[in-house]
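Below is one structure, written out as structure tokens; comments come after it.
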Amino acid sequence: MARLGVAVSGGPNPSEIVDCVKLAESLGYESAWVAEGHGGDQFAVLAACAAQTTRIKLGTSISSVFVRTAPTIAMAAGTIDELSDGRFILGLGSSHKVQVEPEHGVPYAKPLSHVRDAVAIVRALLRDGEVQYEGEAIRIENFDLWFRPYRADMPIYISALFPKMMRLCGEISDGVILTRSTLETAEKIKPLIAEGAVSAGRDPAKVDVTSLLPMAVADTLEAARDIMRPGVAFYAGFFPRYNRLISEYGFAEEAVAISKAWAQGDRAGAARLVTDAMVDATGIVGTSDDCRARINEYRDAGLDLPIISPFARGPGAKAVFEAAIRACAPD
């Protein structure tokens with residue numbers, strides 16, 4: 001069966017997410033990933049998923065290394081891994097300054113070093129049960145776990161958008177988590193991952209290349225595109241790094257216009273500026289057959305694990321997610 005994951009980022013409430021993950025498991029999905037943002041606590045949700053599933057892998061996509069301390073992340077990861085009998089994947093990332101500082105009141109600096117240090121601390125705690133660490137971004141005088149982790153070598157994936165973080169993924173991670181990839185992204189980043197891996201004496205082939213792929217399924221391609229436009233506008237308008245990413249995909253003029261509209265508070269106008277080409281290039285849209293075909297195109301283009309990421313908000317979000325999960329279920 002072809003590898004396929006599903007990610008939840010907002011929309012369904014915590015108990016509804018559990019239902020969606022149970023459905024995904026029943027339909028043969030390899031993994032389910034839970035974001036946090038402004039939704040429910042991701043580790044609590046995943047604990048509930050662990051208790052009500054038996055096979056599907058469970059991951060964070062992603063857990064920010066700025067809004068939780070590294071030992072707290074290690075304890076949470078070790079807890080879910082124990083409850084799931086070793087099915088947990090820890091997805092870590094630096095998040096964004098526009099979220100970390102104004103929304104959490106936490107200083108945002110040296111994201112690359114912060115990710116490197118957090119991974120080292122988490123690995124040490126899972127392996128040894130204690131850690132003393134003097135890093136460039138994080139210093140831990142002493143911390144010890146009061147329980148024995150289920151696994152000492154839990155897989156850790158890192159989210160990345162640009163070359164420096166891609167190289168770090170190759171150097172220290174078990175996988176890279178991309179977001180809003182194009183069909184060209186996987187092959188473009190593999191040399192960067194290989195650089196990092198070789199510098200650390202690692203095999204680049206052992207770094208799993210995954211991507212969250214925003215998706216919308218509808219009766220027509222046009223309807224699905226319209227569902228996706230607000231999400232593209234949000235990423236291009238609110239996040240400077242995603243604006244840069246989309247610009248580098250060949251949508252420089254659109255990225256500038258969307259950013260300007262967003263800054264002026266014109267959310268609807270920003271969404272109208274999202275072109276069909278932008279939607280088609282950075283996600284999966286259309287009928288069930290369209291979506292399945294697009295997932296296979298991403299696989300053929302070098303993506304090891306496509307992770308569908310439906311977009312929905314409001315009372316009907318669960319139904320939207322369930323429809324997407326059914327529409328794209330592995331063959």
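A short reminder: the numbers here are calculations on the coordinates, not readings from a lab. Because the structure is predicted, anything quoted here is derived from the model rather than measured. When we count neighbours, we look across all protein chains shown, and the Cβ atoms used for this are built from the backbone with ideal geometry, even at glycine.
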Report summary line: Length gained, Gln52-Thr275, 0.36 nm per residue minus C-alpha separation, equals 76.2 nm
Query raised in the report: Label points 7 Å out from Cα along the Cβ direction at Lys188 and Phe162: separation in nm?
Result: 1.4
Query raised in the report: Taking 0.36 nm per residue of separation and subtracting the Cα-Cα distance, what length does fully extending Val256 through Ala44 add?
Result: 72.5 nm
Query raised in the report: Thr60's amide H: which non-local residues (gap 5+, or another chain) put their own amide H closer than 5 Å, with H modeled 1.01 Å from N in plane and none for Pro or chain starts?
Result: Val34, Ile89, Gly91
Report summary line: For segment 253-318, using Cα atoms only, the Rg and Dmax in Å read 14.9, 40
Report summary line: Rounded to the nearest 10, the angle in degrees between the Cα long axis of helix 111-128 and the longest principal axis of the Cα atoms of the chain comes to 50
**Report entry** Average Cα contact separation per residue, segment 1-119, under 8 Å, 6 or more apart, as relative contact order %
**Finding:** 22
Report task. Would you mind checking segment 89-120 for residues with the amide N under 16 Å from a putative spin-label position 7 Å along Cα→C-beta of Ala263? Result -> 98
Report task. Report, largest value first, the span of the C-alpha coordinates of segment 43-91 along each principal axis, in whole Å. Result -> 31, 17, 15
Query - Ellipsoid equivalent to segment 171-254 - semi-axes via the Cα gyration tensor, in Å - result: 30, 15, 10
Report task. Evaluate the charge dipole of the chain about its Cα centre and quote only its size in Debye, nearest 20, assuming +1 on the Cβ of each Lys and Arg and -1 on the Cβ of each Asp and Glu. Result -> 280
**Report entry** Three-way shape label, segment 72-128, alpha-carbon gyration tensor, a/c 1.5
**Finding:** prolate
Report task. For segment 142-245, give the magnitude of the charge dipole about the Cα centre (Cβ charges: +1 Lys/Arg, -1 Asp/Glu; no others), in debye to the nearest 20. Result -> 280
Query - Percent antiparallel among DSSP beta bridges (both partners in segment 41-150, rounded to 5) - result: 50
Query raised in the report: If you take the Cα Rg of the chain and divide it by 2.2 N^0.38 Å, with N the number of residues, what do you get?
Result: 0.96
Query raised in the report: Lys22 versus Lys206, label points 7 Å from Cα toward the beta carbon: distance in nm?
Result: 3.8
Report task. Could you work out the Kirkwood radius for segment 1-57, taking every pair of different alpha carbons, averaging 1/r and inverting it, reported in Å? Result -> 11.2
Query - For the chain: relative contact order, % (alpha-carbon pairs under 8 angstrom, 6 or more apart) - result: 19
Query - Distant-in-sequence amide H partners of Asp304 (H built 1.01 Å from N, under 5 Å) - result: Val209
Query raised in the report: For Lys188, which lysines qualify as cross-link partners when the Cα separation must be under 28 Å and same-chain residues fewer than eight apart are set aside?
Result: Lys57, Lys97, Lys110, Lys164, Lys206
Query raised in the report: Looking at segment 107-182, what % of the alpha carbon pairs are farther apart than 15 Å?
Result: 60
Query raised in the report: Which Cα, out of Ala293, Val209, Ile246, lies furthest along the positive dipole direction of the chain (beta carbon charges, K/R +1, D/E -1)?
Result: Ile246
Query raised in the report: Given the Cα-Cα distance of Val106 and Asp289 and 0.36 nm per residue of separation, how much length would full extension add, in nm?
Result: 61.4 nm
Query - 3J(HN,Hα) from dihedral phi, segment 215-225, Karplus parametrisation 6.51/-1.76/1.60, rounded to Hz, x for glycine, proline - result: 8, 8, 10, 8, 5, 9, 4, 4, 5, 5, 4
Query raised in the report: Using a basic spin-label model with each label point 7 Å from the Cα along Cα→Cβ, how many nm lie between Arg244 and Arg127?
Result: 3.1
